[in-house]
Amino acid sequence: MQVINPDNPTLVLDGEEHEIEKLNQNSKYYIDQYTDLNQQLTQLRAKMHQIEVARAGFISLLKNEIAAQNRVFKEGEEEEEADEQEEAPSTE
């Protein structure tokens, strides 16, 4: 289904052209519903894309957070090992 000719809106349905002005109220209502549903679908696709990008962003943030946490933990272990080596009695 496609609406063409802005000067005289015409519906193309299954290859046949129908002047919207000459259609009954039910047909016009169905066209309006179809048009509204297409707009909703476009909005939902955009929203879905936003959600997918946001999810990927949070995964990236999570990975960075865990990596930073692991670096701090590893640095803490290295400091403890250095402290232990300094405190160990010399065997000389």
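No value in this document is a laboratory result; all are computed from the given coordinates. Bear in mind that the values here come from a model prediction, so they are computed numbers and not experimental data. Cβ coordinates were reconstructed from backbone atoms using ideal geometry, including for glycine residues, and neighbour counts include every protein chain displayed.
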Self-check item: Cross-chain or 6+ apart pairs with Cβ under 9 Å, segment 31-51 first and without any contact (Cβ under 8 Å) to a residue 60 or more places away in the chain, then assigned to a helix (DSSP H, G or I)
Solution: Ile31/Ile20
Quiz item: Among the candidates Ile59, Ile20, which residue alone is more than 29 Å from Ile4 (Cβ to Cβ) and among the hydrophobic types (A, V, I, L, M, F, W, C)?
Solution: Ile59
Quiz item: So which residues in segment 1-21 are within 14 Å of Asp32 (Cα to Cα), out of contact with any Leu (no Cβ under 6 Å at 6 or more places or on another chain), surrounded by 11 or more Cβ atoms within 10 Å (Cβ to Cβ) and not β-branched (Val, Ile, Thr)?
Solution: Pro9, Leu11
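Kindly indicate the residue of segment 23-56 that is over 23 Å from the mean Cα position of the chain (by Cα) and among the aliphatic types (A, V, I, L, M) and also nearest to Gln2 (Cα to Cα) among those meeting that condition.
Restricting attention to segment 23-56, the residues satisfying the condition of being over 23 Å from the mean Cα position of the chain (by Cα) are 23-35.
Now restrict to residues that are among the aliphatic types (A, V, I, L, M): 23, 31.
Values: Leu23: 15, Ile31: 10 Å.
Here the residue is Ile31.
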